[in-house]
Amino acid sequence: MSRDLGAVTGVRQSVSVVLPVRLTGEPDWPRGPFPFPAGERRRDADWRRPYFAPSVARALYERRWHRAANVTSGPLTLIGLELLGAARPDAPHRALGVLHFDLAGPALLEVLRAIGHRPGALPDPLTGPLDPAALFGPAADTGPPADPFAIARPYTVAFLTPDTGHPAALRADGALPASADNWLRGLAARAAERDNPATPQTLDRVATEAIRLSADWSALVLTHGTGFLGHRPDRGDGDFYDFAQGQIRSVHLDTLLLGMVQRDHLNALADQLSTVFGTGTGPGLARRVAALERDLAAFRSAYWRPHQNVHGPAAGLLRAFHTLHRMPEHFDAVLAEAADYSRLVQTRESQQIAGALGVLTILGLPLGTALSILQVLGDENPRHLLLALTAALAATGAALTTRYGRLVLASLRGQARR
């Protein structure tokens, strides 16, 4: 009855690994998400769609492919792969790759530590027969992204259920022991106690941030992984945990994938904001701001309706992911800055219109006055007409040298008057 998660063999042990990839073309795999069983049905795209807003469901399932597999290496058995297109306007081939594994033996935490490259961990298991480059090739390139991605390293979604010999994870008289949250933290952080010893304050924070999906299980979302842990003995086939494991590998994983794609798009919009003034405030500024507003509107339409995107218990996972990465604040800042740039462009265009009208006034008033005088006098002499035009042009030139004239010209060029 070990209280050390590293020595525990759960009744169910699984992990899904998410990593950034680049599509090399249209994969020839079956379309849609991996169809995990759900009783007599399958958790395919039609089964999952009701959990998401229509726009999000389209983003999650219209550019998605899967492939079944059966590859065993050490304690890991690969059962399936997925590719989710996560294109951005500046990166049309961007995607997320997912590897679904079952685990045997007391190795779940050690496998997670190895994937996270913890000091003293086992060799990275994603090599040899489980090397993503070989598994996804030639459908996707798993090399480092050419530009930063929201997830810089593989993200893990781990699940473990206990039996009666694991009291450290089990509810006792309705209450969870502190060791249960310590196990949950280990699964999410991919860390053993020796890697990152827990303090009372750490466990208090875990207890606050953990998502109690029901009395039977909890989840914790952290920067590089999410952990799911059962809190009552798993009776094996036919138990509730059959459903729980299917939900983790389908709806809950899809929710986390949505959060990753949202974060990646937000990072790209923030970077786009930082380059708006990269080439000054010339004529291209309005075009760059218009492109930014178009990309921002497309992101809001497809991905960003925080209170409507996900329905049911999975919504708590998305809220936790948003809170962890401060995404609502990030989005509000991007929106406010984009609005400031839009107002700046509108002000500059208004100044230019006013400047053009001022130039027309300066040009037209002397000329109109001169021609009106000639008309009143009934003078049709060409020399007098030429003299009037010359005088009008001289008056216009003199007017443009005044402070008002210089201000009009500066407004026409879209420059601030200093």
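The values are calculated or read from the model by the stated rules, or taken from the named source; none is laboratory data. Note that the structure is predicted; figures quoted are calculated from it, not measured. Note: ideal-geometry Cβ built from the backbone for every residue, glycine included; neighbour counts use all protein chains shown. These area figures cover heavy atoms from the full protein model, side chains too; ligands, DNA and RNA do not enter into them. Shrake-Rupley method; radii C 1.70, N 1.55, O 1.52, S 1.80 Å.
I want the local charge near A146. Using Cβ-Cβ distances under 14 Å, sum +1 for each Lys or Arg and -1 for each Asp or Glu among the other residues. Overall, the nearby charge balance is -2.
Note on R326 and A291: their simple-model spin labels are 2.8 nm apart, each label 7 Å out from Cα toward Cβ.
Segment D46..R171, full-extension length gain: 41.4 nm, with 0.36 nm per residue of separation and the alpha-carbon distance subtracted. Between G80 and A69, H100, the built amide H atoms are under 5 Å apart, and every one of these is 5 or more places off in sequence or on another chain. The calculated pair-distance distribution of the stretch 189-318 uses every alpha carbon pair, bins of 5 angstrom beginning at 0, and gives 2, 8, 14, 15, 13, 13, 10, 8, 6, 5, 3, 1, 1, 0 percent. In a DSSP loop and with at most 14 other Cβ atoms within 10 Å, the trypsin sites (Lys or Arg not before Pro) in the stretch 221-290 are R235.
Stretched out straight at 0.36 nm per residue, the stretch from A91 to A339 would grow longer than its current Cα-Cα span by 86.9 nm. Taking a point 7 Å out from the Cα of F243 in the direction of its Cβ, the residues of the stretch 24-64 whose backbone N falls within less than 11 Å of it are 39.
Between S274 and E193, the simple label model (points 7 Å from Cα in the Cβ direction) yields a spacing of 4.2 nm. The trypsin sites (Lys or Arg not before Pro) of the stretch 88-187 that DSSP puts in a loop, and whose beta carbon has at most 15 other beta carbons within 10 Å, are R171. Rounded to whole Hz and in sequence order, give me ³J(HN,Hα) for the stretch 308-325 from the Karplus expression 6.51 cos²θ - 1.76 cosθ + 1.60, θ = phi - 60°, writing x for Gly and Pro. So the J values, rounded to whole Hz, are 10, 4, 10, 10, x, x, 4, 4, x, 5, 5, 4, 5, 5, 4, 5, 4, 9. Summarising the label geometry, the points placed 7 Å from Cα in the beta-carbon direction at S55 and A178 lie 4.5 nm from one another. Accessible area ranking (1.4 Å probe, heavy atoms, ligands and nucleic acids excluded), largest first, for Y51, Y303: Y51, Y303. Counting only heavy atoms of the protein chains and using a 1.4 Å probe, E209 has close to 90 Å² of accessible surface.
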